[in-house]
Amino acid sequence: MSMRISTCWWNVSECIKSGTIPDLEGIAQFRCYLEANFAPNPDRAAELLAIGRPSAQSGWCGRVWPKLRAIIAICRGTFAASVPQAQWFLGPNADIHARGYTASEGWIGSPYDPLNLNQFKLTKKDVIEFLDVTKDETISNLAQAWEVIVGKRYELVMTTRDGFWRYRIGDVVEVCGFDPCDGTPIISFIERRKCVFSCTRQSLLMLFDSVATDAILSVAPHHIGQVVEFTVIVDDRMLPATFGYFVELANDAGPHSELAPQLLLEALIEYVTNLTFSLEMGRIRKPSINIVAPGTFAEFRQRRLDKGSTSLGQIKVPVVLTDRASVAWILEKVVREL
């Protein structure tokens, strides 16, 4: 939303100053209610213009709303990609709190460590079992909460107490430890199980949304720069194919950015165990990092909206981009390859 405000900054400021609401799609039936609560406020408009647009400086939200101290958001999995960007906009005086670990089947866990947005204490409201991902997918390989091993990865299986339905959630988690108060497992989300895409025709490499996110976020702060948004494609412009990251930066690229592709490769190897073998066999090369022009992902959303999506706010940039037309379009937006 901050990026959207930045794109329409002058229009937003003028609307606040004059107390007018533009003819936005889908608000006709609500206009009378909105206008009744949207009086002209030239003083506030002047304050905002003095602060400047969101993308111009870090901590913009803290300057606009000085009493803002926290926001609550979903921070696990693919949503983790937005956390550094949100922290950049919020500034040092506002914290991000995880909402919790939920699924359509039920509540899985509550936030555990305020400093780690991907740690959750397992719920006791429903029965959660753990399927060892290194073993056959059979009932005999299910472990109970008191049987799990710290550091191992499991797929979650939930049995709801009210209806006694048993669901395979499809999420792979890692056991981080146990709450010293009651021994409840503390888990962190790792990936969606069997969510893969092909990098080469010869082999199928595992690259989950959270892996792609964790890898780029571990490298970006010191070598790439402040990543606003990113997506990943199968980059086959040169063979063998590889994982192509397309990133939009808030400012200039960081120092020693030429080291970023190698560091990104090392980060991916930590998660994808068979990546080293594929490299040695010549089936994949070092990942590419491509910097796109400012505003690229805002334009991406607008293109989706023009093609029939119902709401700009609901259009998400996928972590893994597979649509050929979109891939061809974003390739044209590259201004620099690291």
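Please treat every number below as a calculation from the coordinates, not as lab data. It should be emphasised that the depicted structure is a prediction, and the values quoted were computed from it without experimental measurement. Note: ideal-geometry Cβ built from the backbone for every residue, glycine included; neighbour counts use all protein chains shown.
How far is the Cα center of region 273-308 from the Cα center of region 75-141, in Å? If we compute the Cα centre of each part, the gap is 25 Å.
Where Lys and Arg each count +1 and Asp and Glu each count -1, what net charge lies around R336 among other residues with Cβ under 12 Å from its Cβ? Combined, the nearby Lys, Arg, Asp and Glu give -3.
Comparing I21, I169, I187 in a Gaussian network model of the chain where C-alpha atoms under 10 Å apart are linked, the largest mean-square fluctuation is found at I21. What FRET efficiency comes out for E25 versus E299 if R0 is 25 angstrom and r is the Cβ-Cβ distance? Round to the nearest 0.05. FRET efficiency, E25 to E299: 0.90.
Using the Cβ-Cβ distance between N141 and R161 with R0 set to 25 Å, the FRET efficiency works out to roughly 0.60. For N116 and T322 in the same chain, what is the full-extension length gain: residue separation times 0.36 nm, less their Cα-Cα distance, in nm? Length gained between N116 and T322: 71.1 nm.
The protection proxy used here, the mean number of other Cβ atoms lying within 10 Å of each residue, ranks peptides 143-156, 224-237 as follows, highest first: 224-237, 143-156. Shown here: log10 I(q)/I(0) by the Debye sum over Cα atoms at q = 0.07, 0.09, 0.11 Å⁻¹, derived from the displayed model; of the candidates (i) -0.33, -0.56, -0.85; (ii) -0.37, -0.60, -0.88; (iii) -0.41, -0.63, -0.89, it corresponds to (ii).
Give me the net charge for the shell around I149: Cβ to Cβ below 14 angstrom, other residues only, Lys and Arg +1, Asp and Glu -1. Every neighbour counted, the sum reads 0. Helical content alone sets the calculated 222 nm signal of the chain at -7500 deg cm²/dmol, taking -39,500 (n - 2.57) per DSSP H segment of four or more residues and averaging over every residue. Rank A215, A36, A86 by mean-square fluctuation in a GNM of the chain with C-alpha springs under 10 angstrom and give only the top-ranked residue. Greatest mean-square fluctuation among the candidates belongs to A36.
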